[in-house]
Amino acid sequence: MTRIAPLLERNEQFARTYTPTALGIPAQQLLIVTCLDHRVDPAIILGLQLGDAPVIRNAGGRVTQAVIDDVSYIGFLAGQLFAGQAGQGADDPLFEVAVIHHTQCGTGFLADPGFRRQAAVATGLPEAALEASAVTDPHTTIGPDVQRLLASPSLPPKISVSGHVYDIATGRLTTTHDARYP
Ligand SMILES: [Zn+2]
């Protein structure tokens, strides 16, 4: 018996009526980057269905090098998949990356020097990296992260980037940066 046992029962329910989705272009032509926080599940807050949008999640929903690498690869893959689709021209946009930061983020504690020092000792991560990952105010961090992705040389030119803030208190997502291309 493990903690996942009750979820295996839910999975059994799910599998009973499941229809597989073929590998192809995400139905919403969106890629979501957001926090791993269990209160910020994009499938639930945005009503995503299977096949709608790939999701990249990390602490804070930050645009790290690892995120940029994943977006670059998915952009390449989407280009390959699109190339075989009827009605798709070579210059048509591939998809939009929606970066979502949120209020009450657990990374916010890292803004406190004492907490950060303890976290560095416990995890072995550099204090500077922990400080850089903190989302104390999502309205402050979302802009630089959108910029960072747009400025990345490896970002395919047919991918646009938008920025949003999710409010844990209200359940509302607000667009702070409209989609634009590099
Ligand atoms: Zn968070």
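Just so it is clear, none of the values below were taken in a lab; they were calculated from the coordinates. Small disclaimer: the values here were computed from a predicted structure and weren't measured. Cβ coordinates were reconstructed from backbone atoms using ideal geometry, including for glycine residues, and neighbour counts include every protein chain displayed.
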Starting from region 103-114, keep only residues that are on the phi > 0 side of the Ramachandran plot, then list their pairs with residues that are in a loop (DSSP other than H, G, I, E, B) and not small (Gly, Ala, Ser) whose Cβ atoms are within a distance under 6 Å, requiring at least 6 positions of separation or different chains. Gln104/Ile168
Taking region 142-182 as the search range and keeping residues that are closer than 18 Å to Leu30 by Cβ and β-branched (Val, Ile, Thr), which one is surrounded by the most Cβ atoms within 10 Å (Cβ to Cβ)? Val161
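Filter region 133-176 down to the residues that are assigned to a helix (DSSP H, G or I), free of Cβ contacts under 8 Å to residues at least 40 places away in the same chain and more than 15 Å from the ligand (Cβ to nearest atom) and list them by number. Please lay out each step first, then the result.
Start the filter on region 133-176 by keeping residues that are assigned to a helix (DSSP H, G or I), which leaves 133, 138-151.
Those still in the list that are free of Cβ contacts under 8 Å to residues at least 40 places away in the same chain too: 138-140, 143-144, 147, 150-151.
Gly143, Pro144, Gln147, Leu150, Ala151 - these are the residues of region 133-176 that are assigned to a helix (DSSP H, G or I), free of Cβ contacts under 8 Å to residues at least 40 places away in the same chain and more than 15 Å from the ligand (Cβ to nearest atom).
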